[in-house]
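The values are calculated or read from the model by the stated rules, or taken from the named source; none is laboratory data. Computed from a predicted structure; not experimentally measured. Cβ: placed from backbone, ideal geometry, glycine included. Neighbour counts: every protein chain shown. Side chains included, ligands, DNA and RNA excluded: accessible areas come from the protein's heavy atoms. Shrake-Rupley method; radii C 1.70, N 1.55, O 1.52, S 1.80 Å.
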Number of protein chains: 2
Amino acid sequence: MKIEIWSDFVCPFCYIGKRRLEQALENFPNEEKAEVIYKSFELDPNAERSSKQSMHEKLAAKYGRSLEEAKEMTRNMEEQASMVGLDFRFGTMVPTNTMDAHRVAKFAETKGLDQETAEIFFRAVFTDSKDIGDHETLIELAQEAGLDQSEVRQVLESTDYMELVRTEETEAHQVGVQGVPFFVINRKYAVSGAQPKEIFTQALEKAYSEEKQSPAFETFSGQNGASCTDDSCE
Amino acid sequence: MKIEIWSDFVCPFCYIGKRRLEQALENFPNEEKAEVIYKSFELDPNAERSSKQSMHEKLAAKYGRSLEEAKEMTRNMEEQASMVGLDFRFGTMVPTNTMDAHRVAKFAETKGLDQETAEIFFRAVFTDSKDIGDHETLIELAQEAGLDQSEVRQVLESTDYMELVRTEETEAHQVGVQGVPFFVINRKYAVSGAQPKEIFTQALEKAYSEEKQSPAFETFSGQNGASCTDDSCE
């Protein structure tokens, strides 16, 4: 079972949704059959890197509210986060640009360390109030995920993976993603938003039972379909 | 429409099948809607790099035949190749290990140059009798595809993308690939082997008509599916 998740590391419901999916997978008897793939999505591609404004100041300015009202807006999210065991700290969170974090995450994927990296980036933003737009911070976090410091530095100093990030964002629009998180199972079932764990369980069960029943593909063939195996070509 | 092709650069029917698919796509009115993705598959992961044996000597030894009989075995493939406009030269072809070529192809994918690279690698093997197990040859070919020489050298000197190649090979076995080329359309329809162009056309038409009719996904949702858009989180 293939689960693709479009998300952004500065999106609170993406982290909450990630945890809810993980909890659904934990209780799912076929957990080991699920392959989770993180797809890039920048909520604001023009976001300033390493903003001096706090998250609350940013929200207050955006919606013409007082700082106290902005805090009220985030309180509900903090509560939802704590219900899945997450510790959100909007008061000190650093709004930033996430292109570089997505590029490092794509690099991590080539090393099989994408899951670790995604979790560490989310935690850095929402719990540890780190600025994941800052290269030194990204290098430190990536190293924690198991990546090689100097390789990550090389990626950051280049434009590597930028095109891949953009391609995944284009694909998001093509498949109809309007907000994140957006979960796609076996390219057939979708869960939009940080739905309750039960919804993820339903979708997983539906996809799994179908996958189990049906042969993988409907095959088209003629008479001359030659192919090669490790033993011969015929 | 998403077309995934598992293939190996030293597999003759993979190159022939690639061309037949391309010809089917050319005549397909919705060509621009097709995204082609090359997936790694090594026919022989233990193959010697830069073999001193010719292809005919290798075949003769493997099947206990004379050199002349081995030549006869490849003549049919050369004919099939010429019918799709390809010039196969088994007489001078260099058998080799393809792990490094696959790694470079995966690197090319991150730069959006995977299509160019695949075509150049196939042509190098079957028409130009080049050794794609040799690093300098790979660097030269990759440069021709538009990649940066020194970046490709770095990839080759590391183990970058090896895990990704292996993951794609594991995935091949999971979806039931027994030989290559193996084509999967929208993760639903499969074409196994270098089938005639008409078979590819049938599969493309079926997948496209279905894609057009149905909504992208069946969506699971509850009441609290919060998500973030570029404007807000709610």
*Pop the C-beta distance of A:E69 and B:E144 into the FRET formula with R0 = 56 Å and round what comes out to the nearest 0.05.*
0.40
*Which distances, shortest first and in nm, link B:E163 to the matching position in the other copies, using label points set 7 Å out along Cα to C-beta?*
2.4
*Smallest Cβ-to-axis distance in chain A, for the rotation taking A to B: which residue, how many Å?*
A:R187, 2
*Could you tell me the total accessible area buried at the B-A interface, probe 1.4 Å, in square angstrom to the nearest hundred?*
4800
*Taking the DSSP beta bridges in the stretch B:2-213 as the whole, what percent of them are antiparallel, to the nearest 5?*
55
*Could you work out Rg/(2.2 N^0.38 Å) for chain A, with Rg from alpha carbons only?*
1.15
*Using the eigenvalues of the Cα gyration tensor, what equivalent ellipsoid semi-axes result for the stretch B:159-220 when each is taken as the square root of five times the eigenvalue, whole Å, largest first?*
26, 19, 9
*Taking the Cα centre of the protein assembly as shown as the origin and placing charges on Cβ (Lys, Arg +1; Asp, Glu -1), which of A:L204, A:Q178, B:T167 is farthest toward the positive end of the dipole?*
A:L204
_Exam field: A:R89 pseudo-label spacings to other copies (7 Å along Cα-Cβ), nanometres_ = 6.6
*With all pairs of different alpha carbon atoms counted, what Kirkwood hydrodynamic radius in Å does the stretch B:107-234 show?*
18.6
*Anyone know which of A:F13, A:F41, A:F217 comes out most mobile in the 10 Å Cα GNM of chain A?*
A:F217
_GNM top mover of B:S150, B:S54, B:S221 - chain B, alpha-carbon springs below 10 Å_ = B:S221
*State in Å² the accessible area per residue of the protein assembly as shown; use a 1.4 Å probe, count heavy atoms of protein chains only, and round to the nearest integer.*
45
*If you roll a 1.4 Å probe over the protein assembly as shown with all protein chains in place, what percent of the accessible area is carbon or sulfur?*
45
*Which distances in nm, rounded to one decimal and ordered from shortest, link the label point of A:R187 to the equivalent label points in the other identical copies, with labels set 7 Å from Cα toward Cβ?*
0.7
*Compute the projected area of the convex hull of the Cα atoms of the stretch B:20-83, averaged over all viewing directions, and report it in nm² to one decimal place.*
6.5
*Counting DSSP beta bridges with both ends in the protein assembly as shown, the antiparallel % (nearest 5)*: 55
*Where a Cα-Cα gap under 13 Å defines reach, which aspartates and glutamates qualify for A:K52, not counting those fewer than 8 residues away within the same chain?*
A:D131, A:D134
*Across peptide B:186-195, how many C-beta atoms of other chains are within 10 Å of each residue C-beta, on average?*
6
*Considering only B:N76, B:G133, B:S54, whose Cα is most displaced toward the positive end of the charge dipole of the stretch B:2-213, charges sitting on Cβ of Lys, Arg (+1) and Asp, Glu (-1)?*
B:N76
*Under the definition of partner shielding as Cβ atoms of other protein chains within 10 Å of a residue Cβ, what is the mean value for peptide B:174-184?*
4
*What is the average number of partner chain Cβ atoms found within 10 Å of a Cβ in A:104-110?*
3
